[in-house]
Structures are given as C-alpha cells and as structure tokens.
1. Identify, by number, the condition in (1) assigned to a helix (DSSP H, G or I); (2) touching a residue at least 24 places away in the same chain (Cβ under 8 Å); (3) within 16 Å of ligand 1 (Cβ to nearest atom) that Arg285 doesn't meet.
2. Considering only the range 130-154, state which residues are surrounded by fewer than 20 Cβ atoms within 10 Å (Cβ to Cβ) and touching a helix residue (DSSP H, G or I) at 6+ places or on another chain (Cβ under 6 Å).
3. I need a count of the residues in the range 241-293 that are farther than 15 Å from Phe212 by Cβ, of a type in the set (Val, Ile, Thr) and surrounded by fewer than 24 Cβ atoms within 10 Å (Cβ to Cβ).
4. In the set His142, His119, which member is within 14 Å of Asp341 (Cα to Cα), of a type outside the set (Ser, Thr, Tyr) and assigned by TED's automatic domain parsing to the domain that holds Ser16?
5. Pick from Lys68, Lys75: which is surrounded by 13 or more Cβ atoms within 10 Å (Cβ to Cβ) and either closer than 12 Å to Cys10 by Cα or over 21 Å from the mean Cα position of the chain (by Cα) (or both)?
6. Just to check your reading of the model, which residue among Gly95, Gly90 is within 15 Å of ligand 3 (Cβ to nearest atom), in contact with a helix residue (DSSP H, G or I) (Cβ under 9 Å, 6 or more places away or on another chain) and within 30 Å of Ala173 (Cβ to Cβ)?
7. Considering only residues that are more than 18 Å from the chain's Cα centre (by Cα) and among the charged types (D, E, K, R), which ones fall in the range 255-285?
8. Please go through (1) without any contact (Cβ under 8 Å) to a residue 60 or more places away in the chain; (2) in the same structural domain as Asp60 (by TED's automatic domain parsing); (3) β-branched (Val, Ile, Thr) for Ile161 and return the number of the only condition it doesn't satisfy.
Amino acid sequence: MRILGIETTCDETAASVVSSGFDGRGEILSNEVLSQIAEHARYGGVVPEIAARAHVEVTDRLIARALKNANCTVKELDGIAVAAGPGLIGGVLVGLTTAKAISLVTRKPLMAVNHLEAHALTARLTDGIGFPYLLLLVSGGHTQLVAVRGVGDYVRIGTTIDDAIGEAFDKVAKLLGLPYPGGPHVEIEAQKGNPERFNLPRPLMGRPEPNFSLSGLKTALRLEAEKIAPLTQSDVADLCASFQAAVVDMVIDRTRVGLRAFREIAGDPKAIVVAGGVAANQAMREALQRMAVETGLRMVAPPLALCGDNGAMIAWAGLERLRLGLVDDISAPARARWPLDSTRDEAGAKA
Ligand code: ATP
Ligand code: MG
Ligand code: FE
C-alpha cells in the first residue's frame, strides 16, 4: 500500500510517500519538507497570510518531487492523505484542496487526517509500537498526555492550562534575543549554560492531575533576566539552561502522574511515546529515557526529522485509516481547531 501525504497546516510545506513496511512499521519512500522559516523570521513568528501564500507557491512542486523520489506515479498510489487541521486555515485549505483535486481526478481514496493524530501515530511508523501507549505530545501548539488505545481512539489525560511547551520555548527565545523559531536555539544555548544558576519554578509539580503550566515559569524567567540586564552571552546560556531544566523536571513529573492515570483507563502501556516538534529536544529525550528505564517501560522518540512537521506522518496516519476503511469524501472540512480526542467518536461512528 502506498500513500501520498500532504502537510500545510503551519509553516512547513511537506509531501511524502509512505508504504506499509514490515513488522507493522511503515517504509518512507520519500519525505520532502520545505520550511518557510526565512519568510517569517523577520516578524518573529508565523504570519498566516504569508504562510498560506508560500504553501500555494510550492505545494505542487513538492508533491511532484515526493512522487519522483519515491519512484512512484500518481496512478500507482493507493490513496491521498492530507492534514485537514488543526492549523492556520489558509494553509490547511491549500493542502486540502490540492489533495481533493488529486483524489477526484485519480479516483483514489482521500484521508483527511488530524495533524495531531499524525504526530501521535509516528511511533508506529518508525517502530511498529502496538496499542495502547502513553503519548506525550509536545509541539508548538499543543502539550498533552494522551492514552492512545487504537487508531481513532484517543483519551486525553492531561493538557496545558496556558501555553504549549514549544510556544514557551519560542517566547523565551524571543525575550532573550535568539532567532526564530526559538526551540532549537534555546537548546543550543542551554547546552553551554549552568542549569542551577537561576532557581525557576516548576509549575504544578506534585499535583495529582497530570496537567502542565508554563506561564509562571516564563514570567519568572523574564523577571530574572530583567534583574541582571544587560545580558551577557553566558547570562543567556544560563537562563536557557535553567529554563530547560525546569521544563524537563516538570515534564517528567507530569508524565509520571499521567502514567498512573493511564493505567486506570487503559492498563499497562506498551511504551511511553514522545512526539511533536519539542520531542527533538535532547535533554527531554534523555530524561524521558531515564524515567522509562526506571519504570520498566520502553521509550520511543521519533528520529529528529520526524519530530517537527512532515508529510510522512500524514501519509502514515492516512495509511492506518485506509486499512480500517476510514476514508473521507470531497466534503471533508478544513478545521482551524480539531482536538485529538474528538477524532475518536467519528472514527468509531464510521467503523
Ligand atoms: P502543532 O503540532 O501543535 O499544531 P506545530 O505543528 O507548529 O504545532 P511542530 O512543528 O510540531 O509544531 O513543533 C514546532 C515547535 O517545536 C516550535 O515551538 C519549536 O520551537 C519547538 N522545537 C523544535 N525543536 C526544539 C528543541 N530542540 N527544543 C525545544 N523545542 C523545540
Ligand atoms: Mg512548524
Ligand atoms: Fe505539528
């Protein structure tokens, strides 16, 4: 089975062809990603209008390249998957309209995939992980603990009550004068700094509900920075290191609590899975790995190229859905908001 995946929900235009591989995994035949970082950098964030226009300009070309590199023609595809949300609506419409057009012309099934579901299922593409597993979804727009019980069966265990972790990384970077997008730059600075210099709060740590909070931490960091301004390079490194350490401590504590909640509703997890752009963070990966070893569980983190937005995860989610007969028609809407746990009922209703 070969599926084309198209991703245009934010600031990456991506197209990929994935086939069903062995041991329940997928095989990535091509994976083209074009980041718009340069276009948005001078505004310090993603500008929706610019993003949508940039997607229009490159989506066709990227799809052609993904097919060519996969050595595959449109006719040889078994289906077309596209991220239909959540995301910036202008961009989502570009990908969705393109996918619908290809599906109509070729009469191949269309899968309108939830972008978060695609992040959630990436561990199955790369490692063939069985259900159920505990998902820590940490990205630019989301921070959630989710019980993944099956394709289309997601139960949210915890979430952030204010900012997403990726968003907090980006805001901290901006505050410290680091380039956009901030996550990777904060990590690089953190590697050079002293994580113990600033005693930043770990919000919600020790609380019985597995939720997250970032805004108090971010404010505490801003106050520390203001106290010692003007900042030297080593101040910036120490602030980043202290921030990252606080985030990692909080994530580990919250995930531990989430694990308990998981067991109550889904039994023993096959693995702890981390996904989304922030899953690229090495300190977080290592801390989760240590915690998993301690609890006797397997930890799965996607390779760095599959942490951020990509077409392969969309293609794979489409492949999983097609295998279950979960296809969409031409009326599939583009959605700015689309909570992951809401895909549950719809999949259930169709199954
Ligand atoms: P969502 O998936 O919630 O819709 P998104 O698609 O914009 O949001 P992703 O592309 O999955 O988010 O992730 C981007 C986020 O990941 C950005 O906030 C970025 O700063 C963050 N990020 C990327 N690399 C790192 C890193 N090494 N450390 C921390 N954060 C990182
Ligand atoms: Mg992005
Ligand atoms: Fe994403």
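The values are calculated or read from the model by the stated rules, or taken from the named source; none is laboratory data. Please read all numbers here as calculations on a predicted model, not as lab measurements. Because the Cβ atoms are built from the backbone with ideal geometry, glycine has one as well, and the counts that use them run over all protein chains shown.
1. In the conditions (1) assigned to a helix (DSSP H, G or I); (2) touching a residue at least 24 places away in the same chain (Cβ under 8 Å); (3) within 16 Å of ligand 1 (Cβ to nearest atom), Arg285 misses (2) alone.
2. Once the filter is applied, which keeps residues that are surrounded by fewer than 20 Cβ atoms within 10 Å (Cβ to Cβ) and touching a helix residue (DSSP H, G or I) at 6+ places or on another chain (Cβ under 6 Å), the range 130-154 yields Arg149, Asp153.
3. The qualifying residues number 2.
4. Numbers: His142 fails: assigned by TED's automatic domain parsing to the domain that holds Ser16.
Of the residues listed, the single one that is within 14 Å of Asp341 (Cα to Cα), of a type outside the set (Ser, Thr, Tyr) and assigned by TED's automatic domain parsing to the domain that holds Ser16 is His119.
5. Numbers: Lys75 fails: surrounded by 13 or more Cβ atoms within 10 Å (Cβ to Cβ).
Just a single option satisfies the conditions, and that option is Lys68.
6. On the way: Gly90 fails: within 15 Å of ligand 3 (Cβ to nearest atom).
Just one listed residue meets the conditions, Gly95.
7. Here is the first cut: in the range 255-285, the residues more than 18 Å from the chain's Cα centre (by Cα) are 256-270.
Residues satisfying the conditions are Arg256, Arg260, Arg263, Glu264, Asp268, Lys270.
8. Checking Ile161 against (1) without any contact (Cβ under 8 Å) to a residue 60 or more places away in the chain; (2) in the same structural domain as Asp60 (by TED's automatic domain parsing); (3) β-branched (Val, Ile, Thr), the one that fails is (2).
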